[in-house]
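The values are calculated or read from the model by the stated rules, or taken from the named source; none is laboratory data. Only a predicted model underlies this, so the values are computations on that prediction, with no experimental measurement involved. Cβ sites come from the backbone with ideal geometry, for glycine too, and all protein chains shown count toward neighbours.
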Amino acid sequence: MTSAKRFLAVLRASLAPYEAYAWFCTAVVLVFFVAEFTQPIVQADDAFISYRYALNLARGHGLVFNPGEYVEGFTNLLWTLMVAALIRAGAHAPAAGQALSIVFGSASLVALHLYVRRFLPRRLAWFAAAAPVAMLASNSFACWMSTGLETPLFLFLTTAALLTFDMQRPIATAWLCVLCLLCRPEGGIEAAVLLGVPWLQEASRRPRRFAALARSSVAPLIFVASAAALTAFRLYYYGDYVPNTFHAKVGQAAVSLGWVYLEKFLLDGVFLLIPGVLIAARTEPRLRIPLIFALVTTVYVVAIGGDVFAYGRFLLPVLPVLFASAASGTVWLLTRSRAGGIALMLAFAAEPIVTLYINIPLPIKSGFDEFKQAKSLPFPQSGKRLEAERHYFMVADEKRLVRTLTDKILRAKPGASVIACIGIGKMGFYNMNFTIIDMVGLTDRHVAESTRTLPDTFVVPGHSRTDSDYILSRKPDVIIIPSSLSQEVRLPAEVDMLANPKLRQDYVFVEDGGFWIRK
């Protein structure tokens, strides 16, 4: 069947009544999604790290944070290149990030519908629309579709790779895994499972068939060759085999933080999918490898201690597998126990309700409760949703605050050009003429590779490296840290700098601005 005939066949099938209803519901979900996320949003500070890289690239300075300093301080190469292309076309970086988020967030919802539909019989085709509804309701989705980071692109590529894997298109799956790797390092996990496990299965068969094994090796080789090319680029351009962020982030946070991170994700409604997922793991062979991907991803996230940010960003890519598995398990049970199947169907329907309206407290009181500030709002408004949209780790109108701080810096230290700080994203993007020294090492190789540790500090992924002697040796004009710290939040870089006697010898604190200037 030619591609045109295949497309027409899919189109005719989608227009059938049992399919049309499901697609109508998903279309409504898309309308709500676009309407919600075209509103003005406050983007994450980390997004502006990529924006500064993209802007420097568009201006001809190279893919660098500070011109002349070749350090890979980002983990989203594909996303950064896309933003740079839109900047070259005349777009403002934050607007480009928001537009790309809307495009790939919408594409993720469509890909999710297509993926879940593959595990449903014709008479239950309408159930495929339940997955986009649940995804739209997800607080993880609501938060990370609007931060300006690469999560929408990664979610789409992950879902698309799962879809082509189930369609038995290994070459397409391989290229999508390559794009996933270019978007985030976790793309290597998806490739290892979706490409590696089938290859191992083929290689272990008796008798071994060379021709079949050779055919099954093409897709993994595409990924391996692409990963090698990416590594060669890194080595040539940045002088390292891995992104600098790997050195800055890995091996810091305790596994216990990862368990809390997983616990929050599950208690935000996802736990209602687990019975259906367990049934599907036993009854649907097509979902076993995707479920291995979900399991390996979860173990990885727990092992690295979760994320410095809340709302399950690193676990969001496993949701398509969970939705598809829960739907498949529901269908299987429905054919054997009507009451049991309906119960699972109601649990699936209750998942977005719990996500939006019920705040289940953590059994173990540890970590930050994302929804402790959630207000009770008249139905159908959701206080939890409002908190997720606002991103608790943000400050409203941060752009104005950065510019106000910049004005204060230039009044206190005319001609200042070198700034040392921790939140480098917006400070760097809105001050492209400043050289920014990252005190936690995301964009600084020396700090990222520091092994200095401090007791009684707040250890979180990506914010635990420090080397105050090195920072001071670079003689920054301004160091943006407070003069004293609370007991709750004591980052090593702040504690280390405040304890260094050279700080007070060479710098004076500006009370009105909350920063230190060089004498």
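Evaluated against (1) within 20 Å of Leu278 (Cβ to Cβ); (2) in contact with a helix residue (DSSP H, G or I) (Cβ under 6 Å, 6 or more places away or on another chain), Ala343 falls short on exactly one condition, (2). Would you confirm, using the coordinates I've provided, whether Ala22 is outside any loop (DSSP other than H, G, I, E, B), assigned by TED's automatic domain parsing to the domain that holds Ala128 and in contact (Cβ under 8 Å) with a residue 60 or more places away in the chain? In short, yes. Please determine whether any residue of the range 116-132 is in contact with a strand residue (DSSP E or B) (Cβ under 8 Å, 6 or more places away or on another chain) and not in a helix (DSSP H, G or I). Checked the range 116-132: no residue is in contact with a strand residue (DSSP E or B) (Cβ under 8 Å, 6 or more places away or on another chain) and not in a helix (DSSP H, G or I).
Quick grid of which residues meet (1) over 24 Å from Ala228 (Cα atoms); (2) buried (at least 21 other Cβ atoms within 10 Å of the Cβ); (3) hydroxyl-bearing (Ser, Thr, Tyr):
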position: Arg123; (1), (2), (3): yes, no, no
position: Ala131; (1), (2), (3): yes, yes, no
position: Thr147; (1), (2), (3): yes, yes, yes
position: Val178; (1), (2), (3): no, yes, no
position: Glu186; (1), (2), (3): no, no, no
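In the set Leu155, Leu179, only one residue is within 23 Å of Pro352 (Cβ to Cβ) and touching a residue at least 12 places away in the same chain (Cβ under 8 Å); that residue is Leu155. From the list Ala349, Ala326, the one residue that fits, being surrounded by 21 or more Cβ atoms within 10 Å (Cβ to Cβ) and either in a helix (DSSP H, G or I) or not assigned by TED's automatic domain parsing to the domain that holds Thr159 (or both), is Ala326. When the residues of the range 18-57 are narrowed to those that are of a type outside the set (A, V, I, L, M, F, W, C) and within 18 Å of Glu389 (Cα to Cα), which ends up surrounded by the fewest Cβ atoms within 10 Å (Cβ to Cβ)? That would be Pro40.
Per-residue answers, yes or no, for (1) surrounded by fewer than 20 Cβ atoms within 10 Å (Cβ to Cβ); (2) in contact with a strand residue (DSSP E or B) (Cβ under 8 Å, 6 or more places away or on another chain); (3) farther than 27 Å from Asn76 by Cβ:
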{"residue": "Val418", "(1), (2), (3)": "yes, yes, no"}
{"residue": "Val447", "(1), (2), (3)": "no, yes, no"}
{"residue": "Thr457", "(1), (2), (3)": "yes, no, yes"}
{"residue": "Val510", "(1), (2), (3)": "yes, yes, yes"}
{"residue": "Gly513", "(1), (2), (3)": "yes, no, yes"}
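Of all positions in the range 85-100, at least one carries a residue that is touching a residue at least 60 places away in the same chain (Cβ under 8 Å), under 15 Å from Ala142 (Cα atoms) and either in a helix (DSSP H, G or I) or not aliphatic (A, V, I, L, M) (or both). Kindly check whether there is at least one residue in the range 61-76 that is part of a helix (DSSP H, G or I) and modelled with pLDDT of 95 or more. Scanning the range 61-76, I find no residue that is part of a helix (DSSP H, G or I) and modelled with pLDDT of 95 or more, so the answer is no. Checking the stated criteria, Trp144 turns out to be closer than 30 Å to Asn359 by Cα, assigned by TED's automatic domain parsing to the domain that holds Val354 and not aliphatic (A, V, I, L, M).
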